[in-house]
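To start, the structure under review is shown below, and the notes come after it.
The values are calculated or read from the model by the stated rules, or taken from the named source; none is laboratory data. Just so we're clear, the structure is a prediction, and the values are computed from it rather than from any experiment. Virtual Cβ from ideal backbone geometry, glycine too; neighbours counted across all protein chains shown.
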């Protein structure tokens with residue numbers, strides 16, 4: 001069984017937290033701090049490829065999530081955040097867009113994972 005994106009981050013030793021920035025209306029999404037997006041992508045891919053799980057499914061998941069990644073550095077270090085993905089261990093990329101999970105304008109649950117549909 002494939003892991004969730006949050007489980008992959010946790011297994012890679014990457015700490016996650018909630019993020020709410022300017023223009024997000026108090027809503028939150030999953031984030032990590034003090035790592036550039038490309039470095040994060042590389043670290044996560046190493047974790048996926050080194051695991052005994054289903055690497056092709058997980059590579060596809062990670063690639064889709066990283067297509068929608070955003071970055072902020074407002075003087076407090078780098079924050080890489082994932083619009084549409086709920087913070088915490090129970091992160092669900094199919095969260096209702098009317099919930100407290102941040103979705104940018106025009107983005108819905110299907111877009112959180114870069115759906116090709």
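For the reader, a short list of remarks on this structure follows.
- Within segment 16-39, the set of residues being assigned to a helix (DSSP H, G or I) and either in contact with a strand residue (DSSP E or B) (Cβ under 6 Å, 6 or more places away or on another chain) or within 12 Å of residue 5 (Cβ to Cβ) (or both) comprises just one member, 37.
- Scoring residue 80 on the criteria (1) modelled with pLDDT under 90; (2) touching a helix residue (DSSP H, G or I) at 6+ places or on another chain (Cβ under 8 Å); (3) outside any helix (DSSP H, G or I) leaves a single failure, condition (1).
Quick grid of which residues meet (1) assigned to a loop (DSSP other than H, G, I, E, B); (2) modelled with pLDDT under 85; (3) within 23 Å of residue 13 (Cβ to Cβ):
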site	(1), (2), (3)
41	no, no, yes
49	no, no, yes
85	yes, no, yes
88	yes, yes, yes
99	yes, yes, no
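- Residues of segment 49-67 satisfying the condition of being surrounded by 13 or more Cβ atoms within 10 Å (Cβ to Cβ) and under 15 Å from the mean Cα position of the chain (by Cα): 58, 59, 60, 61, 62, 63, 64, 65, 66
- Flag if residue 71 is modelled with pLDDT under 90 and within 13 Å of the chain's Cα centre (by Cα): no
- Considering segment 3-22, the residues that are surrounded by fewer than 16 Cβ atoms within 10 Å (Cβ to Cβ) and under 20 Å from residue 67 (Cβ atoms) include one that is modelled with the lowest pLDDT, namely 21.
- For segment 57-66, the set of residues classified as out of contact with any helix residue (DSSP H, G or I) (no Cβ under 8 Å at 6 or more places or on another chain) and either touching a residue at least 24 places away in the same chain (Cβ under 8 Å) or under 14 Å from residue 9 (Cβ atoms) (or both) consists of 57, 63, 64, listed by residue number.
- All of (1) over 18 Å from residue 8 (Cβ atoms); (2) surrounded by fewer than 14 Cβ atoms within 10 Å (Cβ to Cβ); (3) modelled with pLDDT under 85 hold for residue 25 with one exception: (3).
- Every residue from segment 38-56 that is closer than 24 Å to residue 72 by Cβ, out of contact with any helix residue (DSSP H, G or I) (no Cβ under 7 Å at 6 or more places or on another chain) and in contact (Cβ under 8 Å) with a residue 12 or more places away in the chain: 40, 43
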